[in-house]
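Presented below is the structure to which this report refers.
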Protein chains: 2
Amino acid sequence: MTSKDQSRKASRRGSGRPTIADVAKLAGVAAITVSRALRDPSLVSAELRAEIDTAVVQLGYAPDPNARALASSRADVIGVLVPSLTNIVFADTVRGIYDELGDGPLQIQMGNTHYSPREEERLMRMFLSQRPSALIVSGIDQTETTRKLLESADCPIVQIMEYGDDPVDMLVGFSHFDGGKAATNHLIEAGYRRIGFIGARMDPRSQRRLAGYRSALETAQLFDPKLVTTTLTPSRVSLGAPLLADALAKVADLDAVFCNNDDLAMGVLFECQRAGIAVPHSMAICGFNDLDMMHVAYPSLTSVRTPRYEIGRRSVQMVLDRLAGRPIESPIVDLGFELQVRESTAR
Amino acid sequence: MTSKDQSRKASRRGSGRPTIADVAKLAGVAAITVSRALRDPSLVSAELRAEIDTAVVQLGYAPDPNARALASSRADVIGVLVPSLTNIVFADTVRGIYDELGDGPLQIQMGNTHYSPREEERLMRMFLSQRPSALIVSGIDQTETTRKLLESADCPIVQIMEYGDDPVDMLVGFSHFDGGKAATNHLIEAGYRRIGFIGARMDPRSQRRLAGYRSALETAQLFDPKLVTTTLTPSRVSLGAPLLADALAKVADLDAVFCNNDDLAMGVLFECQRAGIAVPHSMAICGFNDLDMMHVAYPSLTSVRTPRYEIGRRSVQMVLDRLAGRPIESPIVDLGFELQVRESTAR
DNA sequence: TTGTAGGCGTTATCAT
DNA sequence: ATGATAACGCCTACAA
């Protein structure tokens with residue numbers, strides 16, 4: 001084949017779909033003009049824009065995100081790292097993220113760390129290798145290596161679900177310590193004296209709630225290590241019964257429990273019903289997160305309402321603001337929590 | 001700049017990360033050899049493989065998925081379309097998908113259709129534009145357009161969560177009609193006569209459960225349209241109380257309810273407790289899905305256990321089999337369901 | 001505002 | 001088994 005040979009090679013590899021070149025040809029412009037018209041119409045004159053739009057529609061053209069990412073070394077992807085997909089807390093947060101993104105150009109690349117810092121590190125490397133537009137990661141307890149990876153990443157990063165004063169970049173969440181403390185103080189004020197803590201999984205956020213619980217009890221000189229009953233097992237409603245049994249075995253005069261989360265609280269309530277323990281008279285129950293079922297349970301269950309959906313939305317807003325070059329009000333956002341006092345803690 | 005100019009251009013655009021060319025240079029081979037060694041080591045001699053592996057480790061090389069996708073017109077991505085991220089049913093399924101994929105090369109691109117066929121169609125187009133390695137979609141009720149898109153897609157496709165005899169490609173799930181029928185027959189056999197149906201959201205799967213319920217009651221000559229109480233509102237535990245109230249207002253002698261799902265069943269239970277309606281004596285309750293909380297509730301709640309996690313795993317297995325060219329046992333897999341009879345339906 | 005030239009990192013094709 | 005070359009589809013840099 002000579003160098004002047006202009007004939008088409010017989011074999012092509014293409015996808016068969018129309019490319020930007022096809023659109024350009026049909027519209028009678030250069031490819032780059034089509035590219036610009038699609039990314040920022042204001043860069044192209046109205047006439048050409050119209051012709052290009054027509055051609056796009058006519059051919060059913062859709063840009064190839066891979067080619068785009070390769071050429072611009074920037075993927076229209078936000079990496080999202082959560083410890084669990086089934087935990088409703090994170091499911092709600094992820095829903096907030098999706099909702100706020102709407103049908104914009106940004107895609108989500110989700111990673112499930114399974115509460116493992118090592119897995120988080122692995123996923124982080126994998127995500128970073130795609131040069132994402134932004135990263136949203138759960139928690140503030142990354143490994144040193146992960147933290148360094150994040151610090152050297154040149155994209156907006158939002159840590160979510162917790163409150164802290166030293167984020168890698170931005171942060172939106174609330175204080176689990178304060179949440180645990182507020183719940184416990186409420187139980188103390190309601191007149192309970194032997195207040196237990198029941199917790200499962202005991203991830204960093206649970207640990208902070210426990211610390212808040214302990215702080216409140218210590219201040220009231222009510223703390224006793226025997227009051228704390230935890231397991232590393234993942235939380236489930238059905239874990240409430242055995243954990244309550246353990247707690248009662250250690251502290252016979254237990255009169256209240258602050259549960260790690262609402263699932264356990266619900267399990268404790270059922271076990272109390274089954275064992276004939278009067279709630280809230282003989283036993284107060286307080287949960288955490290305030291799922292929908294808490295206010296309809298019988299008796300209704302006190303819980304700490306957490307802004308998980310809002311955290312998802314807000315994290316995306318912060319990302320979009322940064323990507324658009326808009327000023328950020330504050331890189332650290334505390335969305336707070338709200339104690340919902342109900343029948344289960346009203347002696 | 002002359003054509004012979006070999007000097008480096010001042011401005012480079014690269015990502016700064018090592019490329020396959022860097023590895024090739026260090027290993028003293030051609031880039032394509034590195035490419036082959038990485039994708040299928042058996043294509044390269046042991047010696048070169050060793051040298052290449054060394055170079056890869058030394059440079060910390062990781063292939064660029066975008067470049068790979070562009071060159072091969074095939075992304076290492078599985079598109080997953082679900083109607084909801086927070087509905088535990090789909091969350092469990094998605095977890096199964098992630099678990100089965102493990103840390104293999106395939107990524108997941110998740111789409112949330114919000115139970116909207118139009119949104120499903122939009123997402124489908126978007127996904128298809130990335131030339132995914134496979135597609136996993138919920139349900140069998142796609143729009144005609146969506147179905148055509150799927151049929152012309154040249155990748156494995158698995159429809160999940162339902163049973164049907166006419167999948168686009170492959171299918172794994174169970175029959176919601178049969179599930180609803182089995183639950184209702186159980187209530188009939190347990191001696192209940194005024195058996196209501198309570199349902200929220202009423203998506204296609206709920207409709208099929210309702211159809212199964214109706215079929216069972218009609219066979220027993222027990223059907224009465226007044227027994228059916230539904231709403232299009234998304235399901236929540238707190239919807240159980242008002243729906244039960246509606247049902248009782250229409251049918252004063254209602255003695256059992258088959259709920260659309262476990263959330264509603266739980267809400268109904270709480271409402272019965274609150275209203276002093278004895279379960280199961282005056283009112284039987286049966287749910288659907290058999291979430292963990294059902295067997296610990298007081299009284300424990302009868303439900304239909306559904307294999308949602310297993311559906312997720314199996315769908316991925318089918319995809320991987322197909323991608324690897326392994327034979328598929330059957331393109332249609334019925335994973336069944338299992339009625340869990342408990343206190344709430346034992347008069 | 002529009003266009004030209006070339007590169008982004010990888011793999012398909014064809015040759016050896 | 002290995003390599004040279006040319007895509008893949010788009011975008012950045014620079015020029016006009």
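The values are calculated or read from the model by the stated rules, or taken from the named source; none is laboratory data. Model, not experiment: these values are computed from the prediction. Please note: Cβ atoms are built from the backbone with ideal geometry, for glycine as well, and neighbour counts cover all protein chains shown.
What to note about this one:
- Unique match (being in contact (Cβ under 8 Å) with a residue 24 or more places away in the chain, surrounded by fewer than 17 Cβ atoms within 10 Å (Cβ to Cβ) and away from chain A (no Cβ under 14 Å)) among B:GLY173, B:GLY196, B:GLY139, B:GLY191: B:GLY191
- Qualifying residue in the stretch B:115-126 (condition: within 16 Å of DNA strand D (Cβ to nearest atom), facing another protein chain (nearest Cβ under 9 Å) and touching a Ser or Thr at 6+ places or on another chain (Cβ under 8 Å)): no
- Single residue of B:ILE136, B:ILE108 found to be in contact with a Leu (Cβ under 9 Å, 6 or more places away or on another chain) and either at pLDDT below 95 or aromatic (Phe, Trp, Tyr) (or both): B:ILE108
- No other residue among B:ALA247, B:ALA241, B:ALA220 is in contact (Cβ under 8 Å) with a residue 24 or more places away in the chain, more than 21 Å from the chain's Cα centre (by Cα) and within 25 Å of B:TYR163 (Cβ to Cβ) apart from B:ALA220.
- Of the criteria (1) in contact with a Ser or Thr (Cβ under 9 Å, 6 or more places away or on another chain); (2) more than 14 Å from chain A (Cβ to nearest Cβ); (3) buried (at least 20 other Cβ atoms within 10 Å of the Cβ); (4) without any contact (Cβ under 8 Å) to a residue 60 or more places away in the chain, which one B:MET202 fails: (3)
- Of the residues making up the stretch B:307-329, not a single one is aliphatic (A, V, I, L, M), facing chain A (nearest Cβ under 10 Å) and out of contact with any Gly (no Cβ under 9 Å at 6 or more places or on another chain).
- Taking the criterion of being more than 16 Å from DNA strand C (Cβ to nearest atom) and more than 8 Å from chain A (Cβ to nearest Cβ), the residues of the stretch B:98-114 that qualify are B:ASP99, B:GLU100, B:LEU101, B:GLY102, B:GLY111, B:THR113, B:HIS114.
- For A:ARG322: the one exception among (1) more than 21 Å from the chain's Cα centre (by Cα); (2) more than 27 Å from B:ASN87 (Cβ to Cβ); (3) not polar (S, T, N, Q): (1)
- Residue match in the stretch A:53-73 (condition: within 13 Å of DNA strand D (Cβ to nearest atom), among the acidic types (Asp, Glu) and either in contact (Cβ under 8 Å) with a residue 60 or more places away in the chain or buried (at least 19 other Cβ atoms within 10 Å of the Cβ) (or both)): yes
- Complete set of residues in the stretch B:222-240 that are away from chain A (no Cβ under 14 Å) and more than 16 Å from B:ALA256 (Cβ to Cβ): B:PRO225, B:THR230, B:THR231, B:LEU232
- Residues satisfying the stated conditions in the stretch A:245-272, i.e. under 22 Å from A:GLY191 (Cβ atoms), within 13 Å of another protein chain (Cβ to nearest Cβ) and out of contact with any strand residue (DSSP E or B) (no Cβ under 7 Å at 6 or more places or on another chain): A:CYS272
- Where A:ALA297 falls short, out of the listed (1) buried (at least 21 other Cβ atoms within 10 Å of the Cβ); (2) under 16 Å from A:THR184 (Cα atoms): (2)
- Pick from the stretch A:15-29, criterion surrounded by 13 or more Cβ atoms within 10 Å (Cβ to Cβ) and within 11 Å of DNA strand D (Cβ to nearest atom), ranking: nearest to the other protein chains (Cβ to nearest Cβ): A:SER15
- Just so you know, in the stretch B:75-97 the residues that are touching a residue at least 24 places away in the same chain (Cβ under 8 Å) and of a type in the set (Ser, Thr, Tyr) include one that is farthest from the other protein chains (Cβ to nearest Cβ), and it is B:THR93.
- Condition met for B:SER344 (polar (S, T, N, Q) and in a helix (DSSP H, G or I)): yes
- Leading residue by the ranking (nearest to the other protein chains (Cβ to nearest Cβ)) among those in the stretch A:142-170 that are buried (at least 18 other Cβ atoms within 10 Å of the Cβ) and polar (S, T, N, Q): A:THR146
- Meets criteria (over 35 Å from the mean Cα position of the chain (by Cα) and buried (at least 17 other Cβ atoms within 10 Å of the Cβ)) for B:VAL34: yes
- Test result for B:LEU70, in contact with a Leu (Cβ under 6 Å, 6 or more places away or on another chain) and more than 24 Å from A:ILE97 (Cα to Cα): yes
- Hey, B:GLY325 closer than 30 Å to B:ARG194 by Cβ and outside any helix (DSSP H, G or I) or not: no
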